[in-house]
Amino acid sequence: MKKIITTIVLVWATFFVAQAQNLVVDQLSIEVLKTKGVSRKFNVRSLNTSDSKNLSKALTRCKIESLDQSPVDVNAFSLLDTVNKIRYKIGDFKAYRAVGAQSKMFLNEEILNEDGEPFKDLPEFDPNHQDSFYTYIFEGYSNMAVPIDFGTGSGIFSKNKKSRILFVHYDYVDYNKFTAEIYFYLFKNLPKQPYFELYYGKSLVSQIEF
């Protein structure tokens, strides 16, 4: 297998291992380890999201180290299709190390039940914890974000049966070193063959080619 420095080939059937050098971006050391397409139905990290047949799900696994030991804002990761001019938001995320894991979500907006109280079964809404994905502007690109369907969340006698399809983002990771599993939901059957680049904020982390 030839060594690949900063280029990852995305293979839908099997893993492709990349011998990537560590890239330092915003006081983070980021190494892309593996990428692969994953099943949307038979995957332990399969959230109840859009059931559109026009979307596929892809995993990017990275080794991350916070060089200044600050919490890591994973919401700054995005995947750009530079041909079709689409910028994909994280669809699912998990940070883990030998012992422990983090994947806490925050709602992007507040939602209240019929009594004017937050739903107890939903992620927290914190107005001081904003989704940094939208902080970064890429001119000419359309943002693609997939919401999560949390169901109705209503009791059996409740009149409120509205489905709660909501956008979320993720808590900062306070591990100094961890492995990140970053999932993206990608459009299929685009007019042009996509070409992907992984970004952290406005900094290019790695190119991803088919």
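The values are calculated or read from the model by the stated rules, or taken from the named source; none is laboratory data. This structure is a prediction, so every number in the text was calculated from the model and none was measured. Ideal geometry is used to build each Cβ from the backbone, glycine not excepted, and the neighbour counts take in all protein chains shown. Accessible surface is based on the protein model in full, side chains and every heavy atom, while ligands, DNA and RNA are left aside. Shrake-Rupley method; radii C 1.70, N 1.55, O 1.52, S 1.80 Å.
The protection proxy used here, the mean number of other Cβ atoms lying within 10 Å of each residue, ranks peptides 62-68, 86-92, 166-172 as follows, highest first: 86-92, 166-172, 62-68.
Could you give the length gained by full extension between ARG97 and ASN113, i.e. 0.36 nm per residue of separation minus their alpha carbon distance, to one decimal place? Please list the in-between numbers first.
Details: separation 16, 0.36 × 16 = 5.76 nm, distance 3.63 nm.
Extra length from ARG97 to ASN113 when fully extended: 2.1 nm.
Using every pair of distinct Cα positions in the range 93-210, the Kirkwood expression returns a hydrodynamic radius of 17.3 angstrom.
Annotation: aspartates and glutamates with alpha-carbon distance below 20 angstrom to LYS192 (same-chain offsets under eight excluded): ASP81, GLU139, GLU209. Net length available on complete extension from GLN27 to ASP126 is 33.1 nm, with 0.36 nm assigned per residue and the Cα-Cα distance removed. Seen from PRO191, the other residues with C-beta closer than 13 Å to its C-beta sum to a net charge of +2, counting Lys and Arg as +1 and Asp and Glu as -1. Accessible surface of the range 65-210, 1.4 Å probe: 49 percent of it comes from carbon and sulfur atoms.
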